[in-house]
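Below is one structure, written out as structure tokens; comments come after it.
The values are calculated or read from the model by the stated rules, or taken from the named source; none is laboratory data. Please read all numbers here as calculations on a predicted model, not as lab measurements. No Cβ is skipped: glycine too gets one built from the backbone with ideal geometry, and neighbour counts run over all protein chains shown. Ligands, DNA and RNA are stripped out before the accessible areas are found, and what is left, the full protein with its side chains, is counted by its heavy atoms. Shrake-Rupley method; radii C 1.70, N 1.55, O 1.52, S 1.80 Å.
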Amino acid sequence: MSETGNFDDVDSMGPVDFLVIEFPGNKMTGEGIPLLLDLVDRGIVRILDLAFIRKDTDGTVTAVRVEDMDAAGAREFAVFQGASSGLLDRDDLREAANAIEPGNSAGILVYENVWAAPLARAWRRGGAQMVASGRIPVQELLAAAEQGA
């Protein structure tokens, strides 16, 4: 995977987002990997960090390395081994663990929106800066659509 890891020129970067993807029952599947790799290959996103955690039923949180996954998981996620810019630390992993249920695993993905970099650079050149951002969950969109119907 060519576009992962470190960032060289922060001023030329697009917005950076993160996702925490929960895998119920510690069953990490690689079903979305080809789609994520396609986004990377097309220059739409650049993966800066990818980490995995497991939250045991007693609440204990453990970092999971790709090489420590079972054979199927290691094979599916091997392409991401070494995707680390250093942005994620232990506190970030603990915070991500708070978002998942005991007995589940999660992937934490930090990525740059490469598609937005030219727009972000233009705004910065004009003196603008992003002061807030957010995301509307699909569940909220569905609820709003039901109320409007």
Can you confirm whether the stretch 127-138 contains a residue that is out of contact with any helix residue (DSSP H, G or I) (no Cβ under 8 Å at 6 or more places or on another chain) and at pLDDT 90 or above?
yes
Examine the stretch 22-41 for a residue that is closer than 23 Å to residue 120 by Cα and at pLDDT below 90, and state whether such a residue exists.
yes
For the stretch 41-50, does any single residue satisfy the condition of being open to solvent by 40 Å² or more (accessible area, probe 1.4 Å) and more than 30 Å from residue 129 (Cβ to Cβ)?
yes
Single residue of the stretch 56-67 satisfying the filter (open to solvent by 30 Å² or more (accessible area, probe 1.4 Å) and touching a residue at least 12 places away in the same chain (Cβ under 8 Å)) that is nearest to residue 84 (Cα to Cα)
65
Residues of the stretch 102-149 satisfying the condition of being within 30 Å of residue 24 (Cα to Cα), open to solvent by less than 50 Å² (accessible area, probe 1.4 Å) and over 16 Å from the mean Cα position of the chain (by Cα):
103, 104, 143
